[in-house]
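**Student:** Before anything else, here's the structure in question.
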Number of protein chains: 2
Amino acid sequence: MRTTEDIMQRMSRNGLRITEQRKTLVKLFDGASGYLTPKEVYEHMQRVYPGLSFDTVYRNLRVLLDMGVVEQIVFEDGVKFKLSCEEQHHHHHMICLQCEKTLPIRFCPMSETDVPGDFEVVKHKFEVFGYCGECKEAAAAAASREVQ
Amino acid sequence: MRTTEDIMQRMSRNGLRITEQRKTLVKLFDGASGYLTPKEVYEHMQRVYPGLSFDTVYRNLRVLLDMGVVEQIVFEDGVKFKLSCEEQHHHHHMICLQCEKTLPIRFCPMSETDVPGDFEVVKHKFEVFGYCGECKEAAAAAASREVQ
DNA sequence: CTCACTGCAAACCTTTTGCAAACCA
DNA sequence: TGGTTTGCAAAAGGTTTGCAGTGAG
């Protein structure tokens, strides 16, 4: 897997050690389409490393976060992580409430927004939540199965 | 104070009891310009009610939240509360990172946003963060005082 | 007088920290 | 080997819950 290898090499260059566990962690994010909670990460990882402790998960999430490999988002139901977007230019996200997959939105509303002259903008957040095509189809299929 | 009385009456109509503490809590929000953390609420309230316990603060915040008197927002550094906006029509917010005061943004970016046909939008979030005129002035004044 | 509210204590969940053992380079 | 990483245990927030006593209507 390309990305995983790249990341591991970057970690190595940063003076970090490559452990089996970290490799698995990066692969997990590399394969995940949406966001993962620390708990979900712990559960996935624990299947492979039964003796795994929660604090190690947190520590390694922080390592990946500090390296910019993953990004952290605070949802209403808690903190979640996902692989950082490869897309370099500024963009926003559409997030599926079911699978938490993200789609890029290229449009940035800041250019259209009237800001009072005395307000100094530092950052902004624009996020659209809903259901992606696949999840809608799945839900529709499930519903029709129920009716039958 | 108009708003506080209105809210207390609404609570009474909902079968809730009017206690001194709740009146003080509502007044606190009524007088606050920005967001308050549960901890800040506790600290303010404790000056008036030394025997106050934290769980009562949480319980009453939830009561106000359920009634729609206050709204809860999850910031990166934790949960905060503020009086619900009186402004009825859909709008967004500019939030001062210093004093956490909010200014309304009437423009809604959703009309300008290209959404794939198969994505069903449920909700969206558009927030602008920065420094308001007053806080910028205060900071500038403080800086020039330091230089002297 | 009754039911809602409060304080206390304890539980719970998430996240962080100190330390000694295990491990990578 | 030397410094990093890990597991364990414990602590540190933040939030919720059960219970008995207090207080509003």
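**Student:** Given the conditions (1) within 28 Å of A:Lys23 (Cβ to Cβ); (2) within 16 Å of DNA strand D (Cβ to nearest atom); (3) not small (Gly, Ala, Ser), report the number of the one that A:Asp77 does not fulfil.
**Tutor:** (1)
**Student:** Pick from segment B:4-13 the residues that are within 22 Å of the chain's Cα centre (by Cα) and of a type in the set (S, T, N, Q): which of them is farthest from DNA strand D (Cβ to nearest atom)?
**Tutor:** First, the residues of segment B:4-13 that are within 22 Å of the chain's Cα centre (by Cα): B:4-11.
Now drop any that are not of a type in the set (S, T, N, Q), which leaves B:4, B:9.
Values: B:Thr4: 14, B:Gln9: 10 Å.
The selected residue is B:Thr4.
Residue-by-condition table, conditions (1) more than 22 Å from B:Cys135 (Cβ to Cβ); (2) within 12 Å of DNA strand C (Cβ to nearest atom); (3) out of contact with any strand residue (DSSP E or B) (no Cβ under 6 Å at 6 or more places or on another chain):
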| site | (1), (2), (3) |
| --- | --- |
| B:Asp6 | yes, no, yes |
| B:Met45 | yes, yes, yes |
| B:Gln72 | yes, no, no |
| B:Phe81 | no, no, no |
| B:His91 | no, no, no |
| B:Phe107 | yes, no, yes |
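**Student:** When you look at B:Ser12, is it open to solvent by 50 Å² or more (accessible area, probe 1.4 Å), of a type in the set (Ser, Thr, Tyr) and assigned by the TED database to the domain that holds B:Ala138, yes or no? Spell out how you get there, then give the answer.
**Tutor:** Working: open to solvent by 50 Å² or more (accessible area, probe 1.4 Å): yes; of a type in the set (Ser, Thr, Tyr): yes; assigned by the TED database to the domain that holds B:Ala138: no.
It is false that B:Ser12 is open to solvent by 50 Å² or more (accessible area, probe 1.4 Å), of a type in the set (Ser, Thr, Tyr) and assigned by the TED database to the domain that holds B:Ala138.
**Student:** While we're on this one: Go through (1) more than 16 Å from DNA strand C (Cβ to nearest atom); (2) in a helix (DSSP H, G or I) for B:Thr24 and report which single condition fails.
**Tutor:** Every condition holds for B:Thr24 apart from (1).
The values are calculated or read from the model by the stated rules, or taken from the named source; none is laboratory data. What you see is a predicted model; the values in this text were computed from it and never measured. Glycine gets a Cβ as well: all are built from the backbone with ideal geometry, and neighbour counts include every protein chain shown. Heads up: the accessible areas ignore ligands, DNA and RNA and are worked out on the full protein's heavy atoms, side chains in. Shrake-Rupley method; radii C 1.70, N 1.55, O 1.52, S 1.80 Å.
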